[in-house]
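First comes the structure, then the notes that go with it.
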Amino acid sequence: MGLILSRTFRFIERCLCRQHQDEKEDPYKHDNLPISTPELLQFFYDTHCSFKLHQNVISTCVDIVEENSQSQSSASAHVFGVDNLEETEDRDNVNQPKRRRRRGRRKRKNRGPERWARHYCNSQKILLVGEGDFSFSASLAVAFGSATNMVATSLDSREMLLLKYSGAMENLKKLEELGCKIVHKVNANTMSQHALLKWYSFDRIVFNFPHAGFFHQEHETPQIQLHKKLVKGFLRNACKMLIENGEVHITHKTAHPFSTWNIEKLAKEVGLWLINEVPFFKWEYPGYENKRGHGIKCNESFPVGECSTFMFKKKSRLV
């Protein structure tokens, strides 16, 4: 394109120089000649033709330049146009979820190691039912180093709890600092319908030493019936709150008369089957203090004697 323009402008320059030289030779040469003189007519004819030629050449050059500019613009538009921008955006959009997934994998890798306290792990969602002074919950939370996956409940209100148990305040503070959800005034027989708990599902639901209160002697039938009613109601509600492959744990004395509660039979009646029975030892849970929880001796401990943790699953989840 540059070569064409260079040759064209050199041609125009030569034409103009030639006309200027003619005028310098005798600029007034034809002033006194009549207009009908053939030479004068020829001069005007040549001048007109030369002007027309210059016009055509310049117009042609302008057209060439414009066409070349348009072709270059279209080529640029093709290289850097919307289609390519959309393709670039599409590539970015395709790569973006991959980056998000990689970040997600890094987060999972950075999650801390699992910590266990006997049958329980910090990665499990754990519901603790019927807590006395919350020392069992606090023991698990300290062992895990976090209680964000734990929900600890009591039948008592917070005010009543602080009146009954001397160590309750310290345990509650410890649990709150470690992120545990604490819910008071939860009845084990209706907990699946509780305003807060009904939205949750759990890997483990734990009730240690369920007891209906001291109304009769432990060996008397009315007292045993009260205990069995409490345990069966708890199992029925817990069954509704388990996640897939979840477990319900009850820690219970195995000596007479507590063995007459027959909690394995109670569990079958609500759709739960015994999968394991493991001896329970208090020392495996540092800081745990079992409480009587009822009457004027509510803050006192009691000898656990021979006892076990009974583990149940739904029948459909049995392997």
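Modelled label-to-label distance, GLU269 and ALA195, 7 Å Cα→beta-carbon offset: nm?
3.2 nm
What whole-number value in Å² describes the accessible area per residue of the stretch 126-281 for a 1.4 Å probe?
45 Å²
Taking amide H positions as placed in the peptide plane 1.01 Å from N, state which residues far from GLU218 in sequence (5 or more) or on other chains have amide H under 5 Å from it.
none
Distance cut-off 24 Å, Cα to Cα: go down the list LYS228/LYS313; LYS228/LYS268; LYS173/LYS314; LYS268/LYS297 and report the pairs above it.
LYS173/LYS314; LYS268/LYS297
Place the peptides 148-160, 129-141, 263-275 in order of packing, highest mean first, counting for every residue the other Cβ atoms within 10 Å and averaging per peptide.
The packing order, highest mean first, is 129-141, 148-160, 263-275.
Among PRO222, ALA238, HIS252, whose Cα projects farthest towards the positive end of the dipole of the stretch 200-272, with charges put on the beta-carbon of Lys, Arg (+1) and Asp, Glu (-1)?
Looking along the dipole axis, the top candidate is PRO222.
Sort 299-309, 162-172 by packing, meaning the average of other beta carbons within 10 Å per residue, with the highest value first. Show your work: numbers first, answer last.
Details: 299-309: 13.5, 162-172: 18.1.
Descending mean neighbour count gives 162-172, 299-309.
Applying a 10 Å radius around every beta-carbon, put 213-220, 233-240 in order of their mean neighbour count, most first.
233-240, 213-220
Between ASN262 and VAL304, 0.36 nm times their residue separation minus their Cα-Cα distance comes to what?
13.3 nm
Would you grab the residues whose amide H sits under 5 Å from the one on ASN276? Only those 5+ places off in sequence or on another chain, please, with H modelled 1.01 Å from N.
The answer is MET311.
Could you give me the ³J(HN,Hα) list for the stretch 144-157, computed from phi with Karplus coefficients 6.51, -1.76, 1.60 and θ = phi - 60°, whole Hz, x at Gly and Pro?
So the Karplus estimates, Gly and Pro as x, are 6, x, 6, 10, 5, 9, 10, 10, 10, 10, 9, 6, 6, 6 Hz.
Run the accessible area of the stretch 153-206 with a 1.4 Å probe and give the carbon-and-sulfur part as a rounded percent.
54 percent
The values are calculated or read from the model by the stated rules, or taken from the named source; none is laboratory data. Note that this is a predicted model, so its numbers are computed, not measured. Note: ideal-geometry Cβ built from the backbone for every residue, glycine included; neighbour counts use all protein chains shown. Please note that ligands, DNA and RNA were not included when accessible areas were found on the heavy atoms of the full protein model with its side chains. Shrake-Rupley method; radii C 1.70, N 1.55, O 1.52, S 1.80 Å.
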